[in-house]
1. Give me the log10 of I(q) over I(0) for the stretch A:6-47 at q = 0.14, 0.21, 0.23, 0.33 Å⁻¹, as the Debye formula computes it from C-alpha points; what are the numbers?
2. Which is farthest toward the positive dipole end of chain B among B:91, B:140, B:77, measuring Cα position about the Cα centre, with Cβ charges +1 (Lys, Arg) and -1 (Asp, Glu)?
3. About its Cα centre, what dipole magnitude does chain B give when the only charges are +1 on Lys and Arg Cβ and -1 on Asp and Glu Cβ, stated in debye to the nearest 20?
4. Can you give the helix-only mean residue ellipticity at 222 nm for chain B, where every DSSP H stretch with n ≥ 4 adds -39500 (n - 2.57) and the sum goes over all residues, rounded to the nearest 500 deg cm²/dmol?
5. Among A:6, A:61, A:76, which residue has its Cα furthest toward the positive end of the charge dipole of the stretch A:2-77, with +1 on Lys/Arg Cβ and -1 on Asp/Glu Cβ?
6. Between residue B:18 and residue A:58, what is the FRET efficiency for a Förster distance of 41 Å, r being their Cβ-Cβ separation, to the nearest 0.05?
7. Can you tell me the dipole magnitude for the stretch A:1-60 around its Cα centre, using point charges on the Cβ only (Lys, Arg +1; Asp, Glu -1), in Debye to the nearest 20?
8. Let's test this: bin the Cα-Cα distances of the stretch B:46-93 at 10 Å from zero up to the farthest pair and state each bin's percent.
Amino acid sequence: MKVRYFAWIRQKVGVAEEEVSPPADVRTIQDLLDWLARTSPRHAEAFSEAKVFGAALDQAIMPLDTPIGAAREVAFFPPFTGGL
Amino acid sequence: MVVRVQVEDFDVGGELDAIARGNPRIGAITSFVGLVRDMHVKEGYHRDAVKALTLEHWPGVTDKALADIEAEAHRRWSLDASLIVHRYGRLEPGERIVLVVAASPHRDDAFDACRFLIDWLKTKAPFWKVEDTPSGEKWVAAHGDDDAAAKKWEP
C-alpha cells in the first residue's frame with residue numbers, strides 16, 4: 001500500500017510517499033498511524049502530533065477509525081490552512 | 001460553477017465582468033479577495049515578519065474539494081454563477097491568494113453564499129501554508145476561529 005504525507009508531516013518524515021506492508025492486525029487508519037509511528041524515529045517524531053492529522057483513503061477524506069479495507073493509497077495531512 | 005487552482009495572479013475586475021456578461025438574470029455579484037499579510041497577527045502564535053508564504057495543495061483532490069464546496073453553495077442559495085480561484089506557490093505580502101465570487105438575482109443570496117464559500121474553503125480544501133520568516137520556515141497552524149466560522153454553516 002502507498003502512504004502519502006503532506007506539508008509538515010512530509011517534512012518531518014522526510015519523504016512524500018512510501019510503499020509499506022503493514023501486518024494483518026492493522027485494520028483501520030488509526031492502526032496504520034500507530035504502526036507507522038513505530039517504523040522509525042522520524043515517523044515517531046512526526047506522528048507525535050497525530051491527534052491533529054486528517055487522513056484520506058484513495059483520495060477521499062475519512063475519519064481515522066475507518067477500516068482501510070482494499071484502499072491502495074492512504075494519505076496523512078495536517079489541518080487545512082487555505083484562504084487568506 | 002468554475003474552480004481554478006493556479007500559480008498566476010488573477011484580475012478581479014475582469015473576472016467579475018466575465019461572470020456578469022451574457023447573464024441578465026444576475027442582479028448582484030459579491031466577491032471576496034484574500035491577500036498575503038506582512039505580519040502574522042494571531043496572538044499566541046508568533047509575531048515574526050513574513051517575507052513570503054508558500055501554498056502547497058493536493059493536485060487533483062483540491063479541484064474536486066472546491067467543486068464540492070461550490071455545489072453545496074448552489075444547493076443552499078439561488079445562484080446564477082460562482083467562481084473560486086485559489087493560487088498556490090510562493091506569494092509575497094500584498095499579493096492576492098484567493099478570489100471567491102457569488103452571483104445571484106438578489107443581494108442576500110450573493111452575500112451569504114460568498115461568505116459560506118470562503119468559510120468552507122478554509123477548512124475543507126487541501127491547502128497548507130508555510131511562512132518564510134527571519135527565523136526560518138513556519139507552517140501555519142489551523143485556527144479554531146476558522147473551524148467555528150465553518151461550523152456555523154453546518155446544516
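Each reported figure results from applying straightforward, stated rules to the coordinates on display, with no laboratory input. Note that the structure is predicted; figures quoted are calculated from it, not measured. Note that each Cβ is placed from the backbone with ideal geometry, even for glycine, and that neighbours are counted across all protein chains shown.
1. -0.30, -0.66, -0.78, -1.21
2. Of the listed residues, the answer is B:77.
3. Numbers: 21 positive and 27 negative charges, 40 e Å.
My answer is approximately 200 debye.
4. Calculated mean residue ellipticity at 222 nm is -10500 deg cm²/dmol.
5. The residue sitting most towards the positive pole is A:6.
6. Details: r = 35 Å, r/R0 = 0.86.
Efficiency at R0 = 41 Å is approximately 0.70.
7. The calculation lands at about 160 debye.
8. Over the stretch B:46-93, the share of Cα pairs per 10 Å bin runs 21, 35, 27, 16, 1 percent.
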